[in-house]
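Handing you a structure now.
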Amino acid sequence: MNVGNAQSPLNLLRSYTLLQGVSRGGVVVLVLVTIGLLSQRTAVVGTQRARGAVRVSVSDRVPNRTPFAHSPATASTAHDSTTTNQVTPPAAVPTAKTDHSRTVLLIRGHQLTIGAMWRLAQIVRQCARGSPPVPVWVSLDTTAIEGEANKLLSFLRKAEESSSILENTHIHEYNSSQMLTRYPTLREAISRAKIQWRKRSVAFGFHTEAISMWYQQTEVQRLQPTTVWSMEADVGYSGEDITALFRDYENNSAALLTHRCKRTAKTWWHTEVASDAYRKRIPRSNRTWSGEYVQRFSRSLLDAILKMNEEGMHAWSEQAACSMAMAENMTVESFSIRHLGIPFTYRHVKGKSFESKDKWEEVLRHSKKRNKLFHPVK
């Protein structure tokens with residue numbers, strides 16, 4: 001693979017990485033089997049000066065990793081958090097200001113559109129210019145399309161300031177087969193889903209497991225992020241510096257920032273879509289859900305979610321993160337309404353969602369819509 005405009009040598013924190021999954025057409029297959037389970041792989045791709053050559057090293061997930069210690073925290077913030085139907089866990093213990101010195105942005109996606117790749121390039125460029133720079137990981141579900149990482153990298157090479165973008169872009173790939181191998185009890189939750197599953201990816205309804213698979217990567221653990229912002233690929237940010245958004249929440253020590261954490265209703269389709277272990281640990285009366293297009297996780301919460309996933313606890317993604325946080329007596333808060341544009345919803349509203357790059361660029365030119373998050377943006 002020839003990487004254009006690449007100037008810097010391999011750097012663990014600012015290289016771009018590629019986890020090459022099983023694919024067709026002669027693409028190299030990297031397989032690592034541990035204790036009879038197919039584990040994930042990470043290929044660290046660094047650029048070299050000579051002819052744009054690429055050096056690839058492969059490492060598996062961190063074995064027998066002990067979760068970081070955690071003390072539940074009550075958020076301390078000056079922002080006007082959205083409180084509608086917000087749920088607060090009992091007996092949370094206040095702690096000092098959260099250390100956000102090692103913030104990471106994780107963008108989750110699949111079947112990326114041209115518009116999504118264009119916005120991704122803008123966000124990565126903003127993160128690379130940040131002080132300090134914020135590493136960006138792109139986690140791609142390749143169940144439907146193999147080789148999507150190559151498509152994305154090819155697009156980024158043609159982008160403005162491609163060298164800095166490539167150096168700050170890390171790519172993680174996974175698929176349904178790997179998720180089910182890693183977490184067999186996911187099948188219990190899937191069997192309770194009311195939707196027609198057919199050829200859908202497991203990650204369509206289960207995001208925390210995909211995040212846990214990314215989080216276990218050796219390079220992520222070496223970085224030891226203190227906070228992880230997770231964003232779906234069809235989210236748009238209308239500002240010129242997304243790291244300013246991250247800094248706006250530096251004084252907020254909530255374990256999870258999300259969009260309106262609410263109790264699940266009996267009539268909600270996904271209330272019972274969970275594994276046996278999850279249903280036993282978190283009864284229906286304690287289950288919550290939220291809009292998860294953008295979320296900020298503390299390292300402590302990611303450790304707790306990883307542990308629960310390893311113990312066979314799985315649930316529909318909209319309820320999993322906030323319900324798990326509250327089961328661990330961690331604080332969950334909402335984003336400030338001043339950071340949310342219209343639309344910011346799971347509904348793909350005709351005439352209100354942005355279905356083209358041109359429509360999105362109109363938002364960027366609108367002064368009253370600056371520095372806001374929008375969803376969905378195609």
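On the basis of being over 25 Å from Leu302 (Cβ atoms) and touching a helix residue (DSSP H, G or I) at 6+ places or on another chain (Cβ under 8 Å), does Glu209 make the cut?
no
For Ala203, indicate whether it is under 27 Å from His339 (Cβ atoms) and touching a residue at least 12 places away in the same chain (Cβ under 8 Å). Give the steps one after another, and end with the answer.
Working: under 27 Å from His339 (Cβ atoms): yes; touching a residue at least 12 places away in the same chain (Cβ under 8 Å): yes.
In short, yes.
Cβ-Cβ under 7 Å, sequence separation 6+ or interchain: first residue in the range 142-159 and buried (at least 21 other Cβ atoms within 10 Å of the Cβ), partner small (Gly, Ala, Ser) and not in a helix (DSSP H, G or I). Which pairs?
Thr142/Gly21; Thr143/Ser201
Would you list the strands (runs of 3 or more DSSP E) that sit entirely within the range 273-345 and hold 1 or more residues that are open to solvent by 30 Å² or more (accessible area, probe 1.4 Å) and of a type outside the set (Gly, Ala, Ser)?
288-298, 340-344
Sticking with this structure for a sec: Residues of the range 238-263 being open to solvent by 20 Å² or more (accessible area, probe 1.4 Å) and either among the hydroxyl-bearing types (Ser, Thr, Tyr) or outside any helix (DSSP H, G or I) (or both), which ones? Outline the logic, then answer.
Step one: of the range 238-263, the residues open to solvent by 20 Å² or more (accessible area, probe 1.4 Å) are 240-241, 244, 247-248, 250-251, 259-260, 262-263.
Hits for the range 238-263 are Glu240, Asp241, Glu250, Asn251, His259, Arg260, Lys262, Arg263.
List the helices (runs of 4 or more DSSP H) that sit entirely inside the range 159-213 and contain at least 1 residues that are farther than 16 Å from Ala274 by Cα. Steps first, answer last, please.
Working: elements: 162-167, 176-182, 186-190.
In the range 159-213, the matching helices (runs of 4 or more DSSP H) lie at 162-167, 176-182.
So is Arg222 open to solvent by 20 Å² or more (accessible area, probe 1.4 Å) and closer than 13 Å to Ser176 by Cα or not?
Values: open to solvent by 20 Å² or more (accessible area, probe 1.4 Å): yes; closer than 13 Å to Ser176 by Cα: no.
When the stated conditions are applied, Arg222 does not pass them.
Among (1) over 28 Å from Lys372 (Cα atoms); (2) modelled with pLDDT of 95 or more, which single condition is Ala193 missing?
Against the list (1) over 28 Å from Lys372 (Cα atoms); (2) modelled with pLDDT of 95 or more, Ala193 comes up short only on (2).
Can you list residue pairs whose Cβ atoms sit under 9 Å apart, with the first residue in the range 292-310 being modelled with pLDDT under 95 and the second being of a type in the set (S, T, N, Q) and outside any helix (DSSP H, G or I)? Count only pairs 6 or more apart in sequence or on different chains.
Pairs found: Glu292/Ser230; Glu292/Thr258; Tyr293/Thr345.
The values are calculated or read from the model by the stated rules, or taken from the named source; none is laboratory data. On a predicted model such as this, the values are computed, not experimentally measured, just so you know. Backbone-built Cβ (ideal geometry, glycine too); neighbour counts: all protein chains shown. The area values use the complete protein model at the heavy-atom level, side chains included, leaving out ligands, DNA and RNA. Shrake-Rupley method; radii C 1.70, N 1.55, O 1.52, S 1.80 Å.
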